[in-house]
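Below is one structure, written out as C-alpha cells; the observations come after it.
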Amino acid sequence: MPATGVQSPDRISQSFQHLWNIMLPDIENYIEQTFPPDEHSRAKALVEGAVMEDGSVASPRCQRAALVGSQGSIDQLEYLVGLLKIDFRDVIVAGEYEGSGQNLRRVVDLTEPFSSAVS
C-alpha cells in the first residue's frame, strides 16, 4: 500500500505528460475509435497542439473533454481546441456534463483515462 501522498506511476506519468506533449495511449485509442480513419491524423494533430489561455499545453483532462465534447466531429474538435485558449471550463462542461444553465450534472470524470472514465 503506497504511503499517504505518494502517487502511482500512472498518475505520475499523467502529471508530467504535459511537459513533453506526448499523447497518452487512451487518448490516441479514443481518437482511433471515434473519428473516421481519414481524420485520425488531423484529430491527433489538433489534440497534440491544444494549448490553454496562458500558452501551456492542455492537460489530459482538457484533451479528453475536447474529444468527448466533439462527438466525433472534426469541426467540433477544432472549435473546442480553440476554445481552450479562451476558457477551458467551457470545454470541461462540453465533455463532462449534461444539461444546461443551473441544471448541469457531471456524468463522467475525465481526469481518469478513458478506459476508467468512459464506459
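The values are calculated or read from the model by the stated rules, or taken from the named source; none is laboratory data. Since this is a predicted model, take the numbers as computed values, not measurements. Positions of Cβ are backbone-derived with ideal geometry, glycine not excepted, and every protein chain shown enters the neighbour counts.
So the values come out like this:
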read-out: So S100, is it more than 17 Å from E48 (Cα to Cα), under 14 Å from the mean Cα position of the chain (by Cα) and modelled with pLDDT under 95; value: no
read-out: Residues of the range 36-76 satisfying the condition of being farther than 16 Å from E112 by Cβ and either of a type in the set (D, E) or in contact (Cβ under 8 Å) with a residue 40 or more places away in the chain (or both); value: D38, E39, E48, E53, D54, A58, D75
read-out: Residue within the range 8-21 that is within 25 Å of R89 (Cβ to Cβ), at pLDDT 55 or above and either touching a Leu at 6+ places or on another chain (Cβ under 8 Å) or surrounded by 12 or more Cβ atoms within 10 Å (Cβ to Cβ) (or both) present; value: yes
